[in-house]
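Every read-out reported here was derived from the displayed coordinates using simple, explicitly stated rules and does not represent laboratory data. Bear in mind that the values here come from a model prediction, so they are computed numbers and not experimental data. FYI the Cβ positions are ideal-geometry reconstructions off the backbone, even for glycines, and counts take in every protein chain you see.
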Amino acid sequence: MVDNHSNTSYMKLLEGKNVIITGASRGIGKGIAEVFAKHGANVAFTYSSSEAPALELEKELTAMGVTAKAYKSNAASYDEAEKLVSQVLEDFEGRIDVLINNAGITKDNLLMRMGEEDFDTVIEINLKSVFNMTKAVQRTMLKQRKGSIINMSSVVGVKGNAGQTNYAASKAGMIGFTKSVALELGSRNIRCNAIAPGFIETEMTDKLDEKTVQGWRDAIPLKRGGSPEDVANACLYLASDLSDYVTGQVLNVDGGMLT
Ligand code: NAP
């Protein structure tokens, strides 16, 4: 569909689709919310504590002419995930076309220094959350006989990384979960894929030492860090009907870092 009534003359790939994105108050999740709204999607998104930025994003997306709503919800909690999804179903006319499990944290340390709590917290927020949210949307997607689930893994889940045993385990676990869901629900036309971003420059990485960051950029074949929009565009493909025959895959969005 080409929109001739405004200055947008591109094809809208997600017109009228309802999407849930976890952790979209900033960074990659926010980038996904913005690109998806630009493509006509109605966006329900969560945050953990950043209420003001979340409400601001809600306003920004609504002004783009879609339905958008921010929800404070801890993705690591099974009960909160269940409540969130029933509230979204109420607010978004009973349909959920796309789930993006994006919420995630790091608590880096050498194994020698890593406490049990830092391991458990990262697994619960990054990996258990994916179980919680996928369980919560499953019934709706089964009824619809259609759905796309996208899990935000990392190149670190594919390759491993010294100082990130907890994070790497959570991100690798997401890949196993993704492939299993793809196998289990493929016959119901529910697709499940993972994205493995490399080094993505967000407000978070702005605080890092510029020299170190430049060193990372130089080591990437495309000679730059990625942007939230780079990751969002990969999500756009996996969320839209353009990827109707793609499931169980891990798409690296890393400027060639792992090649
Ligand atoms: P970020 O800027 O730190 O944003 C994280 C988002 O997750 C925020 O919206 C945060 O909400 C939310 N969040 C945190 N804990 C949560 C919880 N328990 N329940 C619900 N939401 C929660 O991170 P990012 O860099 O955009 O990363 C997003 C995803 O991409 C993560 O899964 C990360 O592992 C993955 N990734 C990032 C990179 C990278 O280079 N940046 C590379 C590979 C993979 P609040 O604002 O309220 O805290």
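Restricting the calculation to alpha carbons of the stretch 18-252 gives Rg and Dmax of 17.1, 52 angstrom. Across the cross-link table entries Lys38/Lys83; Lys107/Lys143; Lys17/Lys107, which are compared at the Cα atoms, the separations over 30 Å belong to Lys107/Lys143; Lys17/Lys107.
Remark: spin-label model distance Thr205-Lys146 equals 3.5 nm, labels positioned 7 Å along the Cα→Cβ axis. What separates the Cα centres of the stretch 148-184 and the stretch 32-48 is a distance of 23 Å.
For Asn18, neighbours were defined as the other residues whose beta-carbon sits under 14 Å from its Cβ, and their charges (Lys and Arg +1, Asp and Glu -1) total 0.
Extending 7 Å from Cα along the Cβ direction at Asp79 and again at Asn189 yields two label points whose distance is 3.7 nm. Checked against a 23 Å cut-off, the cross-linked pairs Lys146/Lys179; Lys135/Lys159; Lys128/Lys207 give Cα-Cα distances beyond that limit for Lys135/Lys159; Lys128/Lys207.
Per residue, the chain reaches -13500 deg cm²/dmol at 222 nm when only DSSP H runs of four or more residues are counted, each adding -39500 (n - 2.57). Taking amide H atoms as placed 1.01 Å from N in the peptide plane, the amide H of Ala194 lies under 5 Å from those of Asn151, Gln249, Val250, Leu251, each 5 or more residues away in sequence or on another chain. Distance from the alpha carbon centroid of the stretch 95-113 to that of the stretch 222-259 works out to 17 angstrom. Residues whose amide H comes within less than 5 Å of that of Ala68, counting only those at least five positions distant or on another chain, are Val43 (H built at 1.01 Å from N in the peptide plane). For the stretch 242-247, 3J(HN,Hα) computed residue by residue from phi via the Karplus equation (6.51, -1.76, 1.60; θ = phi - 60°) reads 4, 9, 3, 10, 10, 8 Hz, glycine and proline entered as x. For the chain, the Cβ-based charge dipole about the Cα centre amounts to some 680 debye (Lys, Arg positive; Asp, Glu negative; other atoms uncharged).
Between the beta carbons of Thr62 and Asp108, assuming R0 = 41 Å, the FRET efficiency works out to 0.65 to the nearest 0.05.
In a DSSP loop and with at most 16 other Cβ atoms within 10 Å, the trypsin sites (Lys or Arg not before Pro) in the stretch 195-253 are Lys207, Lys223, Arg224.
Rounded to the nearest 20 debye, the dipole size of the stretch 109-246 about its Cα centre is 700 debye, using +1 on the Cβ of Lys and Arg and -1 on the Cβ of Asp and Glu.
Among all helices in the chain defined by DSSP H, which have a length of 15 Å or more along the axis from Cα atoms plus a Kyte-Doolittle mean of at least 0.0? Going by DSSP H runs, the hits are 27-38, 165-185, 228-239.
The modelled label-to-label distance for the pair Arg139/Leu222, using points 7 Å beyond Cα in the direction of Cβ, is 4.0 nm.
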